[in-house]
Amino acid sequence: MTHTWEHTTGGPLSSSVRMARFVAHGSLRLDAVVPPEMNAEGMQVLRRGLPDVPYGSPVPDAYPKGSFARRLLELPVVAGALRSLVGPDPTVDHHAVHIREPREGQAQPLHGDAIIDVRTDAFDVQLMYYPQDVTLDMGGTLSVPGSHLRRTNESDTGRYQNLRGQSRLVCPAGTVVFLHHGLWHGGRRNDSDTVRYMFKIRFNPTVRQRRLWDTSDLADPRVAEELATTFPWYEPATGRLEIYNRVLMWRALTGDDTFDLDHWVTRVSNRPQGEAA
Amino acid sequence: MTIRQQVLVLYLATSALDSDVVGWSAYDGTGRTSPTTGDGDEPPYRSGVHALEDGWRLFQAAQLIPPYPGREYDVSFLKHEFFFERLVETETGSGAGELRRGRLRSAP
């Protein structure tokens with residue numbers, strides 16, 4: 001049985017500038033890309049819950065044609081972004097409906113999902129779909145931009161309550177966010193009277209993640225600008241190491257081993273072997 | 001009257017106590033407040049010294065540990081962590097601690 005999903009789907013691929021932004025931030029946010037009628041249906045689907053799927057299921061096996069989740073993934077803007085990140089025919093690692101109950105009193109500790117995952121030449125993405133408007137007091141997902149390359153395990157970061165420049169998600173209904181697997185995040189305390197729903201799907205790539213997006217703008221100067229982004233919570237010294245690690249990730253994604261930002265990698269890799277004349 | 005401890009953790013931009021706050025956490029032994037993850041975007045103080053000036057007492061500072069050989073370019077936890085305390089008089093214990101100890105943590 002052939003489980004090819006890709007030939008039936010398409011959508012606008014991400015630009016290099018957008019991919020560079022993902023490499024810097026560790027996330028890609030698409031506001032209100034799911035239409036209102038689907039969001040209304042999505043609320044019903046999430047309230048009922050979805051059965052588990054076996055780890056590593058091809059999308060057509062996990063989500064039959066016409067199902068809500070399948071239609072969500074086939075929205076052109078969602079399909080294009082997903083393909084740009086993990087390529088054609090990713091498998092579904094797992095999915096979950098996350099519910100933050102009203103006045104529940106406590107937030108999740110800041111964490112990365114699964115276990116420490118230090119791959120430098122591959123990554124999973126987690127799609128997070130919000131079917132309803134999320135206000136600040138509904139406890140929208142907390143995430144920490146630029147934390148995805150930190151080598152920490154699950155909730156060992158739970159001691160960190162707030163970091164400067166953190167993102168406390170407030171979004172319109174129909175918003176989809178893709179997270180790099182390593183991004184620090186957590187469900188915030190819901191201080192409202194409204195139940196908040198979120199549907200998460202983790203995807204594993206099945207191809208090498210190299211130049212999977214629209215690379216026609218690879219030389220755009222905004223690529224380097226995005227990759228050089230720094231965040232207010234970075235200690236300045238460690239922030240330089242973040243840039244170093246981002247350069248390595250961009251080299252892996254593009255196959256360009258000469259790419260650098262401000263000489264950070266080139267300088268510390270320079271070991272000339274030639275003898276002086 | 002009973003004494004209870006309030007704890008403030010500040011993460012600073014460098015190992016210097018007068019450098020800027022980049023992250024923070026708080027724990028309240030009086031039970032009057034319940035600080036939690038993602039409950040604010042503005043740091044309580046600009047620097048560690050500003051916390052001292054407001055009466056917080058430093059009781060622990062992160063050591064300066066050389067990078068592990070071969071892992072010098074890795075990024076991981078925040079490095080410059082400072083623990084402060086403030087002792088507060090309360091009429092009685094709040095009793096909230098028992099409740100919190102019994103609560104199950106929700107799955108990530």
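Every number in this text was worked out from the coordinates using simple rules, so none of it is lab data. Since this is a predicted model, take the numbers as computed values, not measurements. Methodologically, a virtual Cβ is constructed for each residue, glycine included, from the backbone with ideal geometry; neighbour enumeration extends over all protein chains shown.
What the table below lists for this structure:
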quantity: Between helix A:76-86 and chain A: long-axis angle, C-alpha atoms, 0 to 90°, nearest 10; calculated: 40 degrees
quantity: Helix-only mean residue ellipticity at 222 nm for chain A, each DSSP H run of n ≥ 4 adding -39500 (n - 2.57), per residue, nearest 500; calculated: -8000 deg cm²/dmol
quantity: C-alpha long axis of helix A:16-25 to longest principal axis of chain A, angle in °; calculated: 80 degrees
quantity: Degrees separating the helix A:236-254 axis from the principal Cα axis of chain A, which is the longest one; calculated: 80 degrees
quantity: Distant-in-sequence amide H partners of A:Gly146 (H built 1.01 Å from N, under 5 Å); calculated: A:Gly26
quantity: Test item: B:73-83 mean partner chain Cβ contacts at 10 Å; calculated: 6
quantity: Which of A:His98, B:Trp24, A:Ala81, positive extreme of dipole for the protein assembly as shown (C-beta unit charges); calculated: A:His98
quantity: Likely footprinting exposure, A:Trp264, A:Trp184, fewest C-beta neighbours within 10 Å first; calculated: A:Trp264, A:Trp184
quantity: Proximal charge balance of A:Leu241 [Cβ under 9 Å; K/R count +1, D/E count -1]; calculated: -2
quantity: Förster radius 45 Å - calculated FRET efficiency between A:Ser67 and B:Leu87 (Cβ-Cβ, nearest 0.05); calculated: 0.20
quantity: ³J(HN,Hα), Karplus 6.51/-1.76/1.60, whole Hz, each residue of the range B:27-42, x for Gly, Pro; calculated: 9, 10, x, 7, x, 6, 10, 10, x, 8, 5, x, 9, x, 9, 10
quantity: Peptide A:102-115, shielding by other chains (average Cβ, 10 Å cutoff); calculated: 3
quantity: Per-residue Cβ neighbour rank within 10 angstrom, fewest leading, B:Ser47, A:Ser216; calculated: A:Ser216, B:Ser47
quantity: Cβ-based exposure ranking for B:Tyr11, B:Tyr27, in which fewest neighbours within 10 Å come first; calculated: B:Tyr27, B:Tyr11
quantity: Shape call, the protein assembly as shown: gyration tensor on alpha carbons, a/c limit 1.5; calculated: oblate
quantity: Selected from A:Val144, A:Val265, A:Val247 as most flexible by GNM, with chain A as the system and alpha-carbon contacts under 10 Å; calculated: A:Val265
quantity: Cut-off under 5 Å, modelled amide H: who pairs with A:Ser57 long-range; calculated: A:Val92
quantity: Shape category assigned to the range A:147-222 from the gyration tensor of Cα positions, a/c cut at 1.5; calculated: prolate
quantity: Peptide B:12-24, shielding by other chains (average Cβ, 10 Å cutoff); calculated: 4
quantity: Nonlocal amide H pairs with A:Gly87, under 5 Å, H built at 1.01 Å; calculated: none
quantity: Size of charge dipole - the protein assembly as shown - debye, nearest 20, with Cβ of Lys, Arg +1 and Asp, Glu -1, no other charges; calculated: 580 debye
